[in-house]
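Visitor: First the structure, then my questions, so here it is.
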Amino acid sequence: MANTSSAKKMARKIEARTEKNRGRRSRVRTFLRKVEEAIASGDQTAAKTALAAAEPELMRAASKGIVHKNTASRKVSRLSARVKSIAAA
């Protein structure tokens, strides 16, 4: 346990930040799951709208440091490619 007052304050700040980040990460995962479900159902219009909603959430998470910028870009790229491939199938 923290001894100094500054260490105690940092512990409180870390706890609060962890809680916020947990919520943000959960929110991103929810948006990604909606895209995955739309892709699995084969409905391209639903997949496109879900992707359009998920992309800004992912990028916001990247800007907040929840995921790395390149990870977010990679996920968006791969999801958009999968959404495009629904039309071809």
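The values are calculated or read from the model by the stated rules, or taken from the named source; none is laboratory data. Because the structure is a prediction, the values reported are computed rather than measured. Because the Cβ atoms are built from the backbone with ideal geometry, glycine has one as well, and the counts that use them run over all protein chains shown.
Visitor: Hey, does segment 3-16 have a residue that's loosely packed, with under 14 Cβ neighbours inside 10 Å, touching a helix residue (DSSP H, G or I) at 6+ places or on another chain (Cβ under 8 Å) and among the small types (Gly, Ala, Ser)?
Guide: Initial filter on segment 3-16 (loosely packed, with under 14 Cβ neighbours inside 10 Å): 3-16.
With touching a helix residue (DSSP H, G or I) at 6+ places or on another chain (Cβ under 8 Å) added as a condition, the list becomes none.
No, because not a single residue in segment 3-16 is loosely packed, with under 14 Cβ neighbours inside 10 Å, touching a helix residue (DSSP H, G or I) at 6+ places or on another chain (Cβ under 8 Å) and among the small types (Gly, Ala, Ser).
Visitor: Read through the list (1) small (Gly, Ala, Ser); (2) exposed (fewer than 12 other Cβ atoms within 10 Å of the Cβ); (3) within 22 Å of residue 25 (Cβ to Cβ), then give the number of the only condition that residue 42 fails.
Guide: (3)
Visitor: Moving on. So, in segment 30-89, how many residues would count as being more than 30 Å from residue 17 (Cα to Cα) and among the hydrophobic types (A, V, I, L, M, F, W, C)?
Guide: Final tally of qualifying residues: 11.
Visitor: What are the residue pairs meeting all of these: first residue in segment 1-29, first residue at pLDDT below 95, second residue of a type outside the set (A, V, I, L, M) and assigned to a helix (DSSP H, G or I), Cβ atoms under 8 Å, and 6 or more apart or on different chains?
Guide: 2/8
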